[in-house]
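A.B. asks: Structure in structure tokens, see below.
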Amino acid sequence: MKVIDFDKFKVSQEKEFEIGSKINNAKAFIPGCDIDPVWSINKTEQQGLLKYWETMNFENIEKMKNISNIFYSGCAMNEKDGRNWFIYKGIAIMRKENIIEVKRDIGRRFEKRLLKTAPNNLIPDFVFETEFNISAPRYRYKVS
């Protein structure tokens, strides 16, 4: 079990999530894949995710325990305004420059919702089945 502290998170986020800050992108960290999947999020999906972020409760923690597995170790997204999110195991972290907000992702809904914005078959089925115990979506997520 490794512990991730926020100082290391800031450094790792800059190195691992370099997918462009001018467009809305998402990324899933899947150690078993040769290349981690990266995709663009359309404006409607992005707005739905941001609205959901605003409803989430703040979490007052300085460190989080991360039980990573060989199949999946979280997902991330960025926005044009420079905000970056990392989401894993019920914790969502948003960073913009020196500002960090941590929120509780109850039921991992934010995380699943973000992953479901990926195009069909981009995220391997085993991620949904082993990590979330759900069937892989066969459609692009629609925001209601």
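A.B. asks: Are there any pairs, at least 6 apart or on different chains, whose C-beta atoms fall under 8 Å, with the first in the stretch 35-52 and closer than 14 Å to R83 by Cβ and the second among the small types (G, A, S), and if so, which?
C.D. replies: As it stands, the answer is I41/A26, since those pairs meet every condition given.
A.B. asks: Still on this structure, please answer the following. Just give me the residues in the stretch 93-106 being more than 20 Å from T130 (Cα to Cα) and in contact (Cβ under 8 Å) with a residue 24 or more places away in the chain, in sequence order. Step through it out loud before you land on a result.
C.D. replies: So the first thing to find is which residues in the stretch 93-106 are more than 20 Å from T130 (Cα to Cα), and the list is 93-104.
Once the filter is applied, which keeps residues that are more than 20 Å from T130 (Cα to Cα) and in contact (Cβ under 8 Å) with a residue 24 or more places away in the chain, the stretch 93-106 yields I93, M94, R95, I100, E101, V102, K103, R104.
A.B. asks: Right, next: Name the residues in the stretch 1-37 that are hydrophobic (A, V, I, L, M, F, W, C), under 23 Å from I100 (Cα atoms) and modelled with pLDDT of 80 or more, would you? Break it down stepwise before answering.
C.D. replies: At the first step, the residues of the stretch 1-37 found to be hydrophobic (A, V, I, L, M, F, W, C) are 1, 3-4, 6, 9, 11, 17, 19, 23, 26, 28-30, 33, 35.
If we keep only those that are under 23 Å from I100 (Cα atoms) too, we end up with 3-4, 6, 9, 11, 17, 19, 23, 26, 28-29.
Answer for the stretch 1-37, where residues must be hydrophobic (A, V, I, L, M, F, W, C), under 23 Å from I100 (Cα atoms) and modelled with pLDDT of 80 or more: A26, A28, F29.
Yes/no per residue for (1) under 10 Å from the mean Cα position of the chain (by Cα); (2) under 13 Å from K27 (Cβ atoms); (3) modelled with pLDDT of 90 or more:
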| position | (1), (2), (3) |
| --- | --- |
| N66 | no, no, no |
| I70 | no, no, no |
| A76 | yes, yes, yes |
| R83 | no, no, no |
| Y88 | yes, yes, no |
| I93 | yes, no, no |
| E97 | no, no, no |
| E111 | yes, yes, yes |
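A.B. asks: Related question: For the stretch 96-103, check the following and say yes or no: at least one residue is crowded, with 17+ Cβ neighbours inside 10 Å and closer than 19 Å to I41 by Cα.
C.D. replies: Filtering the stretch 96-103 for residues crowded, with 17+ Cβ neighbours inside 10 Å gives 102-103.
Filter once more, so that each one left must be closer than 19 Å to I41 by Cα: none.
The answer is no; no qualifying residue exists.
The values are calculated or read from the model by the stated rules, or taken from the named source; none is laboratory data. Everything numeric in this text was worked out from a predicted model, so none of it was measured. Neighbour counts are summed over all protein chains in view; Cβ atoms, including those assigned to glycine, are modelled from backbone coordinates with ideal geometry.
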